[in-house]
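J.: Would you mind keeping the following structure in view while I ask a few things?
The values are calculated or read from the model by the stated rules, or taken from the named source; none is laboratory data. Given the structure is predicted, the values throughout are model-derived calculations rather than measurements. Cβ atoms come from the backbone with ideal geometry, glycine included; neighbour counts cover every protein chain shown.
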Amino acid sequence: MSEYAIQITVQVQYLEEQSVPEKGNYSFAYTMIIKNESQVPFQLIGRHWLITDAEGVEQEVRGLGVVGQQPFLKPGESFEYTSWASIPSPDGKMKGSYFCVSEEAEFFAAPIPEFLLTMPRILH
């Protein structure tokens, strides 16, 4: 087990009301829960996303914080936020990493496991 133990949980929801399939626009909300399971406090400084559509076309997103915040998490604390992504296909995937700094000013990256963006299918 590494010195920095971070649990990342994701929930994805297709945003039908904000999607326009006939124009190749499929929108998804994703809720991330980041839990500090280590003994070391840290601050989430930035994020890096790779968003891939069904054709394999990749979008790369980098930025400071998440939803305008740079949360500081003590051991056992969690931070939850919801954001969104749009892709030109009904299916895709996301993965990435959070860039963090410990209370002792040590930088580290927390990998975000790949998750799927999938429009629900309706059977007739």
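Yes or no, residue by residue, for (1) within 14 Å of the chain's Cα centre (by Cα); (2) closer than 17 Å to L116 by Cα; (3) not acidic (D, E):
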position	(1), (2), (3)
V40	no, no, yes
Q43	no, no, yes
G46	yes, no, yes
D53	no, yes, no
Q59	yes, yes, yes
L64	yes, no, yes
K74	no, no, yes
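Okay, residues lined up against (1) in contact with a Pro (Cβ under 7 Å, 6 or more places away or on another chain); (2) within 17 Å of T82 (Cα to Cα):
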| residue | (1), (2) |
| --- | --- |
| V12 | no, yes |
| V20 | no, no |
| G24 | yes, no |
| A29 | no, yes |
| I34 | no, yes |
| E37 | no, no |
| L44 | yes, yes |
| W49 | no, yes |
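J.: Determine if region 82-89 includes at least one residue that is modelled with pLDDT of 95 or more, surrounded by fewer than 16 Cβ atoms within 10 Å (Cβ to Cβ) and closer than 15 Å to I8 by Cα.
T.: yes
J.: Determine, yes or no, whether I51 is closer than 30 Å to P75 by Cβ and among the aliphatic types (A, V, I, L, M).
T.: Taking the combined requirement at face value, the residue does not satisfy it.
J.: Go through (1) touching a residue at least 40 places away in the same chain (Cβ under 8 Å); (2) at positive phi for W49 and report which single condition fails.
T.: (2)
J.: Further, regarding this structure: With respect to L64, is the statement that it is of a type in the set (A, V, I, L, M) and over 23 Å from N25 (Cβ atoms) true?
T.: The answer is yes for L64.
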